[in-house]
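A quick write-up on the structure given underneath.
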Amino acid sequence: GSKKAYPIRAANDASRECWVELCRLHGSDALMTGWLVKQGHIIPSWRKRWFVLEPPCKLHYFTSPAGEWKGTIQLKGATITPSNANPKLFQVHTLSGEDKDFSLRADSSGDRDQWVRSCRSVTSGEEEEGEETI
């Protein structure tokens, strides 16, 4: 369907963040959301970001769940590769335009495996079905 925007005025910043979070949780087609740590491209430092995986093939990242949008990773045709050296790390190699690699780190190997499965499911155009070996 079509998307609509509604202006909301909150009494204060805390209330605004609460409303934004509620809208994100309940007003989105997100397949998965959560914290990952992303390595920067220009300055290779690691930054904690809130990630939102949305169909058909977009992985958005923000400073926090109700925070500033920082970017979108286009997953169409991307290769998602778990690291053999680090059980929490995975790479996203994109094919959209400029051939970029993204290094992402989850809080646990289980979280990493779930992100890899979910990202692979949108790159292949298939819905996630049960558990599979990574």
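Derivation of every value follows stated rules applied to the coordinates shown; laboratory data play no part. This structure is a prediction, so every number in the text was calculated from the model and none was measured. Neighbour counts run over all protein chains shown; Cβ positions are idealised from the backbone, glycine included.
Key figures for this structure:
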read-out	value
Rounded if a/c under 1.5, otherwise prolate or oblate - the range 40-121, Cα gyration tensor axes	rounded
Under 12 Å, Cβ to Cβ, from residue 15 - net charge with Lys/Arg +1 and Asp/Glu -1	-1
